[in-house]
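Some notes on the structure that comes next.
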Amino acid sequence: MVRYVYDFTEGGRDLAGLLGGKGANLAEMTRLGLPVPPGFTVTTEACRAFLATGAEPDGLAHEISGHLAALEQAAGRRLGQPDDPLLLSVRSGARFSMPGMMETILDIGLNDDSVLGLAKVSGNERFAWDSYRRLLQMFGSTVMGVDGALFENALAELKRSRGAVNDLGLEAADLAGLVAVYQELIRRETGECFPQSPAEQLRRAVLAVFESWRGERARVYRRREHIPDDLGTAVNVQIMVFGNLGADSGSGVAFTRDPATGQPGLYGDYLANAQGEDVVAGIRNTVALTALAELDPVSYEQLLGHMRTLETHYRDLCDIEFTIERGRLWMLQTRVGKRTAEAAFAIAAELVEEGLITPDEGLARVSGDGLARLMFPRFDTSAVGEPLAHGLPASPGAAVGAAVFDSAEAVRRAAAGEKVVLVRQETTPDDLPGMIAAQAVLTSRGGKTSHAAVVARGMGRVCVCGAEEITVDTEARRFTVAGTTVDEGTVVSVDGSGGAVYLGAAPLVDSAVMRYFEAGERSGALVGAVARAMERADGMRRLEVRANADTPEDAARARRFGAQGVGLCRTEHMFLGERRKLVEAMILAGDETEREKALGALLPLQRQDFTGILEAMDGLPVTIRLIDPPLHEFLPDRTDLAVRIAAAEAGGAVPDPHDTALLDAVNRMHEENPMLGLRGVRLGLVVPGLVAMQVRAIAEAVVERVRAGGSPEAEIMVPLVGAVEELRIERAEVERVLAEVSAESGVPVRCPVGTMIELPRAALTAGRIAEEAEFFSFGTNDLTQTTWGFSRDDVEAAFFSAYLDKGIFATSPFETLDRDGVGRLVRIAVDEGRAARPDLKIGVCGEHGGDPESVHFFHTAGLDYVSCSPFRVPVARLEAGRAALPRTGTSDSR
Ligand code: PEP
Ligand code: MG
């Protein structure tokens with residue numbers, strides 16, 4: 001018999017899949033003896049059953065009434081009892097935290113009778129009517145589908161007519177009047193009266209929370225956070241406690257450490273005489289949590305104790321929601337808190353130091369994505385003028401963009417390629433698409449735990465919130481600050497680390513973490529924490545990390561960043577700029593002598609390139625790939641040439657014969673699908689002398705480096721091989737030239753020869769290809785392109801956003817390796833390649849080599865190394881270390 005409901009005394013944090021994160025943690029706190037209002041959790045399984053069938057699962061109603069009866073008995077009151085009502089909250093809580101994305105309904109159990117009972121027992125009429133109007137508003141919009149703005153407008157209208165600045169300015173009678181207005185609104189909009197039966201309220205609220213899993217906001221958030229669509233949410237039903245009972249009550253949120261910097265110490269916001277929702281919504285400005293020490297010293301001390309208990313128990317930063325009801329502290333929620341990248345590194349290092357977690361656990365709690373964020377530049381504060389405004393530094397980083405004032409405009413401009421900063425008075429979950437599209441979020445109201453701050457931190461967006469000097473006028477699409485007006489489209493700079501906002505585009509400087517990688521400068525706690533994580537990762541990882549580098553400068557930088565060689569040197573980059581002329585000459589050569597002359601001019605230039613790179617990577621392998629792209633890429637544009645010739649002819653002149661010859665060549669070489677045409681190994685096989693020139697340049701560079709006392713380790717890689725025969729012929733040519741240079745120079749030049757695996761046919765015949773290859777390097781860019789039949793140059797802009805929307809994939813397969821398809825080919829090639837040649841060295845040099853998730857795949861697939869752009873090298877090192885961690889004890893920080 002399936003069981004759908006668990007009391008808080010029954011569950012625990014290990015049941016997060018079934019009870020959702022919130023429910024599991026409420027149960028855990030209950031077990032720890034912390035003051036949690038009693039309640040129960042309806043499982044995600046019940047939600048999944050409901051979503052699958054559209055009907056309440058059999059037995060659920062019965063189970064809920066059983067648990068409700070137990071709650072009522074323990075409380076000595078019935079739900080909605082007219083003279084002293086027990087009231088309940090109904091909150092969503094999925095496996096992964098989705099802040100504000102689903103629904104909550106408070107004060108279930110109030111109706112026209114019990115509101116009077118509540119007024120009497122609480123001795124606070126205003127509170128009773130306020131609670132009732134909140135229920136009507138939440139139930140009306142969430143359960144009954146009334147547009148939430150109608151309630152907001154009615155409330156705003158009431159405040160205006162009473163001259164009240166905020167909700168505290170409304171009297172009991174005002175709120176009683178508002179209840180009548182809300183009830184009429186519901187009746188008018190739905191044709192149905194607000195249900196007076198508490199049991200019916202509860203039942204419908206639970207189902208509405210289930211339903212909210214499918215809501216637009218929740219779907220957008222899941223897509224962005226890669227949370228599977230089929231998990232469903234649990235529902236937590238809990239006895240209400242009230243923070244809005246007067247000055248001796250209130251609600252707050254707290255972190256056991258600063259989630260922006262990781263600094264230890266109490267951190268959070270408190271709002272007296274308010275419910276938790278008011279704090280998170282940022283509707284009234286909160287005070288710092290430390291102010292509670294004066295307001296209510298006893299609760300404050302208790303809270304500190306509970307926070308210590310939780311941090312020691314969870315062995316991590318915890319965030320907490322609490323309510324004080326007439327001097328009594330209640331814990332309403334805890335979870336392992338979201339944090340910035342900076343805080344993640346700092347906290348991991350501290351907790352390892354404190355002995356709360358092992359170094360491996362410390363490594364599991366940081367990420368390559370976070371590291372990449374810390375490597376971004378910051379504003380050069382010495383070069384910027386006075387800030388326009390200051391707010392709270394809620395999510396760090398430096399962002400520049402045009403100010404926009406609503407989510408839709410942010411999305412529209414970002415889609416057109418513009419960088420934008422979303423400026424709002426405060427954000428709501430409806431602003432999510434705009435927050436995703438923007439570089440930064442700036443709000444004029446709300447604390448560091450407001451919606452804007454929490455969501456921005458979670459997604460790594462820069463955020464400054466609560467910039468109170470700013471007046472945002474959404475309608476007029478501008479904000480003003482101290483006499484300055486900033487209209488929509490004006491560029492502003494937002495410093496999420498310091499909280500400052502500047503007019504115009506502020507200049508950027510390298511981050512401290514970047515200086516550490518660049519120059520080994522080890523200053524400050526953050527850099528220390530990053531360095532420790534890197535050391536641990538390097539100690540753990542099995543995968544080597546190389547870099548894709550085509551210049552000595554890039555190779556040298558990559559080496560400073562920890563690269564253990566060059567995994568891909570794209571030689572075609574050396575045919576551009578000034579040298580294009582030489583390539584043209586080679587293509588246009590009328591006979592062997594002319595061709596040899598052209599190739600002879602290219603040779604010393606190529607040799608010089610290789611010498612520089614081999615020197616920068618002395619003692620480490622440098623994989624040099626023979627030319628890959630179609631040769632016409634090095635010729636002028638066909639249309640430009642044709643226009644030039646036509647213009648000359650039209651003017652009665654004789655066109656430049658060089659232009660005419662070039663156009664002939666371009667026409668001859670024109671391909672409809674150049675990516676599938678004469679490129680890669682095919683070029684080497686049909687263009688005489690090209691490969692020989694490149695191999696000679698490599699071999700002579702090796703000789704030069706050996707004579708200079710160096711240890712060059714060049715490897716020669718053949719691109720786009722699909723059949724072993726191609727490689728066999730090309731390799732023979734390579735070996736011939738190597739032998740020739742060895743004989744001429746007297747320096748034996750021995751370079752391993754390998755191939756890229758970047759066509760499905762190569763992967764599927766890897767066993768045969770390995771007979772001729774000393775190493776494989778997966779070109780996952782081309783392998784993705786050819787496996788999917790997606791043009792890598794076209795499809796991302798053309799239709800990937802539609803594919804992402806339809807859920808065909810969660811991220812572009814050009815970004816994160818498609819494990820099922822491309823990954824399967826990789827595995828086949830690894831298995832069959834190694835079976836044929838056990839010492840085959842295998843790496844990857846496509847873009848995926850620097851993508852965290854893909855690095856984990858390459859680790860499990862048994863590759864020897866990944867190669868990525870120099871700036872991704874630290875990220876790949878860190879993720880390769882994390883991939884090698886034993887699969888236990890890792891925390892889920894999503
Ligand atoms: C690849 O295809 O993955 C690769 C590294 O080669 P290129 O991107 O140069 O085609
Ligand atoms: Mg390729």
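Values quoted throughout were computed directly from the atomic coordinates according to the rules given, and no laboratory measurement underlies them. Quick caveat: nothing in here was measured; it's all calculated off a predicted structure. No Cβ is skipped: glycine too gets one built from the backbone with ideal geometry, and neighbour counts run over all protein chains shown.
Please return the longest range in the chain lying between exposed loop sites, taking GluC sites (Glu not before Pro), DSSP loop only, at most 10 other beta-carbon atoms within 10 Å, and leaving the sites out.
Looking at the chain, 193-474 is the longest stretch - no exposed GluC sites (Glu not before Pro) with at most 10 other Cβ atoms within 10 Å.
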Overall Cα dimensions of the chain - principal axes, largest extent first, Å: 106, 66, 54
Label point distance in nm, Arg570-Ser197, each placed 7 Å from Cα along Cα→Cβ: 6.8 nm
With just the Cα atoms defining each centre, how far is region 75-138 from region 586-623? Give it in Å. 78 Å
For labels at Leu676 and Ala180 in the simple 7 Å Cα→Cβ model, what's the distance in nm? 7.4 nm
Taking Rh as the Kirkwood radius computed over C-alpha pairs, what is the Stokes-Einstein D of region 157-228 at 4 °C in a medium of viscosity 1.567 mPa s, expressed in µm² per second? 84 µm²/s
Along the charge dipole of the chain, pointing to its positive end and built from +1/-1 on Cβ of Lys, Arg, Asp and Glu, which listed residue (Val687, Ala661, Gly539) has its Cα farthest out? Gly539
Cα-centred dipole magnitude for region 376-509, charges only on beta-carbon of K, R (+1) and D, E (-1), debye, nearest 20: 380 debye
Label point 7 Å out from Val298 along Cα-to-Cβ: which residues of region 327-347 have amide N under 12 Å? 327-329
Ellipsoid semi-axes in whole angstrom, largest first, where each is sqrt(5λ) of the Cα gyration tensor of region 192-258: 27, 24, 10
Quickly estimate the mean residue ellipticity at 222 nm for the chain, helices only: each DSSP H run with n ≥ 4 gives -39500 (n - 2.57), and the total goes over all residues, rounded to 500. -14000 deg cm²/dmol
When only alpha-carbon atoms count, how far does region 1-140 stretch along each of its three principal axes, as whole angstroms with the largest first? 42, 36, 30
For an R0 of 35 angstrom, estimate the FRET efficiency from the Cβ-Cβ distance between Gln608 and Arg792 and round to the nearest 0.05. 0.70
Subtracting the Cα-Cα distance from 0.36 nm times the residue separation, let me have the gained length for Ala383 to Ser742 in nm, one decimal. 123.6 nm
Between Ser777 and residues 5 or more places away or on another chain, the pairs with built amide H atoms under 5 Å apart involve Thr755, Met756, Ile757, Gly843
How large is ³J(HN,Hα) for each residue in region 205-217, as worked out from phi by the Karplus curve 6.51 cos²θ - 1.76 cosθ + 1.60 (θ = phi - 60°), to whole Hz, x for Gly and Pro? 5, 4, 5, 5, 5, 3, 4, 5, 4, 8, x, 4, 4
Quick check: the distance between the Cα centres of region 338-366 and region 841-867, to the nearest angstrom? 25 Å
Figure the gain on full extension for Phe799 and Arg308 (residue separation times 0.36 nm, minus the Cα-Cα span) and round it to one decimal in nm. 171.7 nm
What full-extension length gain, to one decimal in nm, is calculated for Ala810 and Thr358 as 0.36 nm per residue of separation minus the Cα-Cα distance? 159.5 nm
Selection from Val491, Pro57, Gly33, by position along the positive dipole direction of the chain (Cβ): Gly33
Could you check the simple spin-label distance between Glu596 and Arg187, using points 7 Å along Cα→Cβ, in nm with one decimal? 10.2 nm
Starting with the fewest neighbours, write out Thr30, Thr427 ranked by other beta-carbon atoms found within 10 Å of each beta-carbon. Thr30, Thr427
Dimensionless Rg/Rh of region 549-662, both radii on Cα and Rh by Kirkwood, sits at 1.13
Taking N as the number of residues in region 353-506, what is its alpha-carbon radius of gyration divided by 2.2 N^0.38 Å? 1.07
Expressed in angstrom, Rg and Dmax over the Cα atoms of region 250-336 are 11.9, 33
What list of ³J(HN,Hα) values in whole Hz, one per residue of region 64-73 in order, does the Karplus curve 6.51 cos²θ - 1.76 cosθ + 1.60 (θ = phi - 60°) give from phi, with Gly and Pro shown as x? 4, 5, x, 5, 5, 4, 5, 4, 4, 5
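So which of Lys22/Lys159; Lys120/Lys338; Lys159/Lys448; Lys419/Lys448; Lys120/Lys159 end up more than 31 Å apart by C-alpha?
From the list (Lys22/Lys159; Lys120/Lys338; Lys159/Lys448; Lys419/Lys448; Lys120/Lys159), the Cα-Cα distance tops 31 Å for Lys22/Lys159; Lys120/Lys338.
In terms of the Cα gyration tensor, with a ≥ b ≥ c the square roots of its eigenvalues, is region 70-239 rounded because a/c is under 1.5, prolate because a/b exceeds b/c, or oblate?
Oblate, since a/c reaches 1.5 and b/c is not below a/b.
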Starting from the Cα coordinates of region 664-820, work out the convex hull volume and express it per residue in Å³. 152 Å³
Computed curve, region 725-798, Cα-only Debye sum without solvent term, log₁₀ I(q)/I(0) at 0.17, 0.19, 0.20, 0.22 Å⁻¹, is -0.73, -0.81, -0.85, -0.94
Suppose R0 equals 41 Å; then what is the FRET efficiency for Glu725 and Lys419 from their Cβ-Cβ distance, rounded to the nearest 0.05? 0.25
